[in-house]
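See below for the structure under consideration.
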Amino acid sequence: MSAPVLSPPLTARLFRAVSIAEACSWVGLLVGMFFKYVAVGNPIGVTVFGPIHGALFVAYVVVTLVTARVFRWDLRTLVVALAVSIPPLATLWFERWVRRTGRLDYSPSGSASA
């Protein structure tokens, strides 16, 4: 078995950063949609935050797949990790949960501690 491409601490920090950024982009997009469809009718918020959120969504999926491999998450954890990318702000909850439950802790013996 080959060594991980990214070190576990770097992978955990990257996962946290992308999870938070994806959630923030959701907020920006929701605010933009409110102003476009409810308040003013101006689409600038959606025009700005739409592509940002799209890119961060894709980044979250890719980083989640890498993180699941590095930390050897089971299939259930991976499916939940991917599913939380859809509801607004759910990536924040998931990131806190995996940290709290030890799924972002790395043991040198080759498996993540749970």
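The table below gives the values:
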read-out	value
So residue 20, is it out of contact with any Gly (no Cβ under 7 Å at 6 or more places or on another chain) and closer than 24 Å to residue 83 by Cβ	yes
Residues located in the range 63-85, provided they are open to solvent by 80 Å² or more (accessible area, probe 1.4 Å) and β-branched (Val, Ile, Thr)	79
Qualifying residue in the range 62-74 (condition: part of a helix (DSSP H, G or I) and of a type in the set (Asp, Glu))	no
Residues of the range 97-109 satisfying the condition of being more than 17 Å from residue 18 (Cα to Cα), open to solvent by 20 Å² or more (accessible area, probe 1.4 Å), of a type outside the set (Lys, Arg) and out of contact with any helix residue (DSSP H, G or I) (no Cβ under 6 Å at 6 or more places or on another chain)	101, 105, 107, 108, 109
Residue satisfying all of: in the range 21-47; open to solvent by 60 Å² or more (accessible area, probe 1.4 Å) and of a type in the set (Val, Ile, Thr); nearest to residue 97 (Cα to Cα) among these	27
Hits in the range 40-54 (condition: in a helix (DSSP H, G or I) and farther than 15 Å from residue 20 by Cβ)	44, 45, 46, 47, 48, 49, 50, 51, 54
Residues of the range 75-96 classified as in contact with a helix residue (DSSP H, G or I) (Cβ under 6 Å, 6 or more places away or on another chain), among the polar types (S, T, N, Q) and either farther than 19 Å from residue 20 by Cβ or not in a loop (DSSP other than H, G, I, E, B) (or both), total	1
Identity of the residue in the range 5-19, surrounded by 15 or more Cβ atoms within 10 Å (Cβ to Cβ) and more than 19 Å from residue 50 (Cβ to Cβ), that ends up modelled with the lowest pLDDT	6
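The values are calculated or read from the model by the stated rules, or taken from the named source; none is laboratory data. None of the values given here were measured: they were computed from a predicted structure. When we count neighbours, we look across all protein chains shown, and the Cβ atoms used for this are built from the backbone with ideal geometry, even at glycine. To get the accessible areas, we keep the full protein, side chains included, count just its heavy atoms, and leave off ligands, DNA and RNA. Shrake-Rupley method; radii C 1.70, N 1.55, O 1.52, S 1.80 Å.
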